[in-house]
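The values are calculated or read from the model by the stated rules, or taken from the named source; none is laboratory data. Keep in mind the model is a prediction, meaning the values are calculated, not measured. Counting neighbours? That spans all protein chains shown, and the Cβs are built from the backbone with ideal geometry, glycine included. The area values use the complete protein model at the heavy-atom level, side chains included, leaving out ligands, DNA and RNA. Shrake-Rupley method; radii C 1.70, N 1.55, O 1.52, S 1.80 Å.
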Amino acid sequence: MAPAPIILDTSDDLSFAPPAQPAMSQRNLILAPPSVSSHPEQLEAVFAAYNRASSDLQMLDRLSAGLISLPTATYDLVLILTGAAGERRSEALSLLGRQPFTAIVTSMKSGALFKLQDGPLSGAEAREAILAGLVQKDGSFEKAAEEAVAVPLKLGKKKTTVNKPVQINLDDIDGDDDLIDEEDLLTADDRNKIVQPPECRPAPGRRRRACKDCTCGLAERMAGEDGERQDKATADLNALKLSADQLNDDEVDFTVQGKVGSCGSCSLGDAFRCATCPYIGLPAFKPGEEVQILNNTVQL
């Protein structure tokens, strides 16, 4: 009797290959207006057509108010419940503004569809969908896939700059050409302007004073201003003195001590003076006292 054949098992006892992944089902986002909550039979009809396990139901009014957030790039289909006959179309479209459309488009995958339950969007109603980035396709709107575009960069050849020496012939230079006297560039305002160093500037509310070892020119200016004020004061103090030539022949200069007039009352005041006395209007004075008039005011 022939021996039985021996069969060797050459398969691997331990396999490191990853397990097969189940096929991903389509993810749906169903957005319902608030009035649908009072009609559960309509929701049951929707979930009969779309798998409940792979569909998310959100209220459109909560999305419009920003109370909920949607995951990014998750859904293959976004369905707006407007009723089979469109009885809730106006209610749903009134809640679809710029902010809800932005959130919806962000949650859609590339190539995902956006549509209404009762039919396509009209021209005016589709404006927000188009502004959000959706493209109209076969009565619905699709999120176009973003394609990467390679842009070649053309880098030019690096330019090298060679600094060539500049030769100047000193014999061609005339000493009188293109020479400008710096003093001619200064105006009268520049000459009178004094730049006081920061350490010499007075505190706020204090009078500006020159330093003891002033080098900015402030001391010279203040000395000149003081001299001008002194000269003006001296000119103002130039009194009007009544000389002998200004007096009548029959009158005597009573400003000289020891001299008296014919009436002897000139120095006592207007109440004792004659009508033709040259001192009418002057205050009483003592003989020998100098009478001066400064700024229309009599000074003794």
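Is it the case, given these coordinates, that Arg208 is at pLDDT 55 or above, assigned to a loop (DSSP other than H, G, I, E, B) and open to solvent by 50 Å² or more (accessible area, probe 1.4 Å)? Yes.
Select from region 78-120 the residues that are free of Cβ contacts under 8 Å to residues at least 24 places away in the same chain and in a loop (DSSP other than H, G, I, E, B) and write down the one among them that is surrounded by the most Cβ atoms within 10 Å (Cβ to Cβ). By that ranking, first place goes to Pro120. Filtering region 121-137 to residues that are in contact (Cβ under 8 Å) with a residue 24 or more places away in the chain, assigned to a helix (DSSP H, G or I) and open to solvent by 60 Å² or more (accessible area, probe 1.4 Å) leaves only Leu131.
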